[in-house]
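The structure appears below as structure tokens.
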Amino acid sequence: MLLTTNRCGVRLWGVLCVLLALSFWAGAGHGALTVEPSALVFQNREQAETVRLFADGQPLPGGAVTSWRLLVDERNYSHMLRVSPADDGIRITPSDTAEIGSYLLVLRTARGEAAIRVYTPFTDYQSSIEALAQRMDVSIEEVRRQMGLTRRLGREQITMTLSPVHYLGQHIKIVMPGTDDRVSVWEVNGEEVLRGVDAHRFSHVAETTGPLLVAYHEYEDGTLIASANGLTEVVIEPAIPHTVTAGAHAHFEAPPGFATYRWKVDGEAAGSGATLRHIFDTPGRYMVKVIATDPTDPGPYGFRETRYEVTVTTSD
């Protein structure tokens, strides 16, 4: 996910206040269909939010939504949200089965489709700070200091924005404005990972789950000129529900775009191809996991873990 930054004279608070821009689709022969706000962040399952749809700048009633999908790539997780019409728009709240993640909510109407980013970190800022302090083996006060006020020179200021959630194995790509005569230093969870002149571009693969703090510093002649940071939560992609009858062949597919695959069924090695065929003899619940590595082309992932939550039923 490529994230850009800016320099400005106005102080920007928080790491969750600026989110990814909205993607729009319009039906043939109609004006643009838009939605407000452009993104939703749910800190808990009791939280409810309202969005509004507009066609040609005019508000649409909540009942205009005929169907919707909650996507990770092309996988639909609609069971994780409740979407219903409301007097002032469309009411959205997580369901009891919602999982931590980053999704694209696609709302369909007779006028076309509109999409909105949905993040479900299901954690408050204080909890993230505490978990980060434990991971970095420092005090909470030290984490707050590192995430403190953006340092500025004159009226110049740099800011960084990260989406609240990233998936395990996903590339976190950041471009800072920078200047050629300054040394750029990047840190991940308090550890320096990159330093150099003109090192304004940064790419990091999220290799472990949990809070991840990215910090950026600019030095000129050994003097710290400016700093910025961003906090995100790294999580495993939600499992894909799959149902099969006991004794029948079950078919699973790995994510495309990788050269190496390792399959496991309930922790036991099961295969190494792009697909897996497996027979479950006993009814019950199983976890099928594939780890895809060695990307064959540039993409959003350095590696990817896909899980299938399998329910095996009787043949009767």
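Please treat every number below as a calculation from the coordinates, not as lab data. Note that this is a predicted model, so its numbers are computed, not measured. Note: ideal-geometry Cβ built from the backbone for every residue, glycine included; neighbour counts use all protein chains shown.
Things to note:
- Close amide H pairs (under 5 Å, H built 1.01 Å from N) link R82 with T93, S95, residues at least 5 positions away or on another chain.
- 5 angstrom amide H check on L162, placed H, neighbours 5+ away: L231
- Under the Karplus curve 6.51 cos²θ - 1.76 cosθ + 1.60, θ = phi - 60°, whole-Hz ³J(HN,Hα) for region 252-264, x wherever Gly or Pro sits: 10, 10, 8, x, x, x, 10, 9, 10, 9, 10, 9, 9
- Full extension of the chain segment joining E141 with S272 gains 42.5 nm, where the gain is 0.36 nm per residue of separation less the Cα-Cα distance.
- Estimated FRET transfer efficiency when R0 is 30 angstrom, pair S203-S95 (beta carbons, to 0.05): 0.30
- Cβ-derived FRET efficiency at R0 35 Å, H79 paired with A259, nearest 0.05: 0.60
- Amide H contacts under 5 Å for A270: W263, K264, V265, restricted to partners 5 or more places along the chain or on a different chain, H placed in the peptide plane at 1.01 Å from N.
- Shown in residue order for region 170-178 are the 3J(HN,Hα) couplings computed by the Karplus curve 6.51 cos²θ - 1.76 cosθ + 1.60 at θ = phi - 60°: 6, 6, 9, 10, 10, 10, 9, x, x Hz (x for Gly and Pro).
- Were the residues from Q47 through T293 laid out at 0.36 nm apart, the gain over their Cα-Cα distance would be 84.9 nm.
- Hull-based mean projected area of region 176-316, where the convex hull spans the alpha carbons, in square nanometres: 10.4 nm²
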